[in-house]
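Readers should treat all values here as calculations from the given coordinates under stated rules, not as data from a laboratory. No experiment lies behind these values; they were computed from the predicted model shown. Glycine gets a Cβ as well: all are built from the backbone with ideal geometry, and neighbour counts include every protein chain shown.
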Amino acid sequence: GPSACIDVDGLKFVVTTLRHACNDRGFFHMVGIQPEREPLLVIKSRGHFRADFEPLCQAIIEVDAPGAANPNLSRYAFQHVRRPIWPLDPETTWEEAETMPDEQP
């Protein structure tokens, strides 16, 4: 849908009519912003932005904001879950299985 860049006293905001994840620089380019030239970028995203934006950044600061899809799993009271389990319990680690459960060895 239609999108725009709104400039308020030098702060540029990209607004869209439809919800859209900011996964790459094209999100800014479409409204005339060159992210490579901006001193600061603020992106609301779950993390998919990293592949394209991380090379531009001196630092990435993640914000722990409330919401239904918060990556901070300690905010939720999980029930009926076998414990300990990754990533809910800090003493556990992720170990990738050699084969998928439905695959034949």
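Could the peptides 21-30, 87-96, 52-61 be put in order, highest first, of the mean number of other beta-carbon atoms found within 10 Å of their residues?
21-30, 52-61, 87-96
If you place +1 on the Cβ of every Lys and Arg and -1 on the Cβ of every Asp and Glu, how big does the dipole about the Cα centre of the chain come out, in debye to the nearest 20?
Roughly 540 debye, rounded to the nearest 20.
With a ≥ b ≥ c taken as the square roots of the eigenvalues of the C-alpha gyration tensor of the chain, please select rounded if a/c is under 1.5 and otherwise prolate if a/b is larger than b/c or oblate if it is not?
prolate
Could you derive backbone 3J(HN,Hα) for segment 37-45 from the dihedral phi with the Karplus parameters 6.51, -1.76 and 1.60 (θ = phi - 60°), listing whole Hz in sequence and x where the residue is Gly or Pro?
9, 8, x, 8, 10, 10, 10, 8, 7
What is segment 3-64's relative contact order, in percent, from Cα pairs under 8 angstrom and six or more apart in sequence?
Relative contact order comes out at 28 percent.
Given 0.36 nm per residue, what is the gain on full extension from A77 to M30 after removing their alpha carbon distance, in nm?
Result for the pair: 12.9 nm of gain on full extension.
For D89, what is the net charge nearby, where nearby means another residue's Cβ is under 13 Å from its Cβ and Lys, Arg count +1, Asp, Glu -1?
Here the charged neighbours net out to +1.
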